[in-house]
1. Determine the gain in length on full extension of the stretch residue 196-residue 216; use 0.36 nm per residue of separation and subtract their C-alpha separation, reporting nm with one decimal.
2. Using the Cβ atoms and a cut-off under 9 Å, what net charge is assigned to the surroundings of residue 68, where Lys and Arg are +1 and Asp and Glu are -1?
3. If you take the C-alpha gyration tensor of segment 153-220, multiply each eigenvalue by 5 and take the square root, what semi-axes do you get, largest first, in whole Å?
4. Scan around residue 72 for amide H atoms under 5 Å from its own, H built in the peptide plane at 1.01 Å from N, and keep only partners 5 or more places away or cross-chain.
5. Counting C-alpha atoms alone, how compact is segment 219-266: give Rg to one decimal and Dmax as a whole number, in angstrom.
6. If packing is taken as the mean number of other Cβ atoms within 10 Å per residue, what is the order of 152-161, 232-241, highest first?
7. In this model, which of 191/229; 70/171; 92/171 are farther than 27 Å apart at the alpha-carbon?
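Values in this text are rule-based calculations from the coordinates and carry no lab data. Owing to the predicted nature of the structure, the values given are computational and were not obtained by experimental measurement. Here the Cβ positions follow ideal geometry from the backbone for every residue, glycine too, while neighbour counts run over all protein chains shown.
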Amino acid sequence: MRATAVRRTALAASAAALALLATACSGSSDADGKDEKGAANGSSSAPKTPAKALTAAELENATLAQGDVKGTKITKAGPADEVPADGIKVDKEACLPIAHAMSGVPQEGAVATTKRKVIDEPKKTDEKSLEDLGEGEAEDLFKNAFDLTSTAVVLSSYEGAAGPDAFATLKKAAADCAGGFTATVGKTPTKIASITEEKVTGGDEAAAWTVTSEDDGDTVPLKLAVLRKEGTVATFFAFNLAAAGGEGVKFELPTAVVAAQDKKLA
């Protein structure tokens, strides 16, 4: 595996995702914006009446919990998973919303926020000892052990038009920064080579992207999605260690996680 690329990307891209990976290894809307803030691939489907922000208690009830996504472990994010907004720098100011979303930082104006870590449970394997495995079997076993997707889910409530604005801000940033940028978290820089749109559905509007990070010529695929339901915005940032290590794993959007969160917001 490309250890250097994986280590640098994981540290800079998502503290929450990395913390959850460590635990596991041990045991669409295409509408265009039309208002000033949402111009150029910005907001769409804004509510006809201003949304009322969910209270902290209501947001907690709407947040994913263990058992909501089959085959995963869901836990609350802790202090070690937090990345301060002022500790994130970008070389292109327009790309800051993307860097914030990748680090679990809600967009400006959030009234309340919850954070969860969702990771695939390790896949069951044959009860064979390493000595009894053939060369191909041992390689597959190693690959499967790291084929775990970790998703950091941030749920934030907004008052009035702030929710649609937050969605529009992130969508516009993804379009403006499709050609890449560099984000620095703490003292660790991460080069984002490209941002390409993917299809996702849910809520009143949703959008998703593959964010490709680059380190020493190696590329690492990451997944980012955002979903808005009235005044509540959910962001999903996913990382797969096997895919990052170049193990030939097909890394998909965490659609089951997105669908489960969408259901709890319905």
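1. Values: separation 20, 0.36 × 20 = 7.20 nm, distance 2.09 nm.
So the chain would gain 5.1 nm between residue 196 and residue 216.
2. Working: positive: 70, 263, 264; negative: none.
After counting each charged neighbour, the total is +3.
3. Details: eigenvalues 137, 44, 22 Å².
That gives 26, 15, 11 Å for the three semi-axes.
4. Those lying under 5 Å, H to H, from residue 72 are 121.
5. When restricted to the Cα atoms of segment 219-266, Rg and Dmax are 13.0, 40 Å.
6. Values: 152-161: 23.3, 232-241: 26.8.
Averaged packing, sorted descending, gives the order 232-241, 152-161.
7. Too far apart for the 27 Å limit: 191/229; 70/171.
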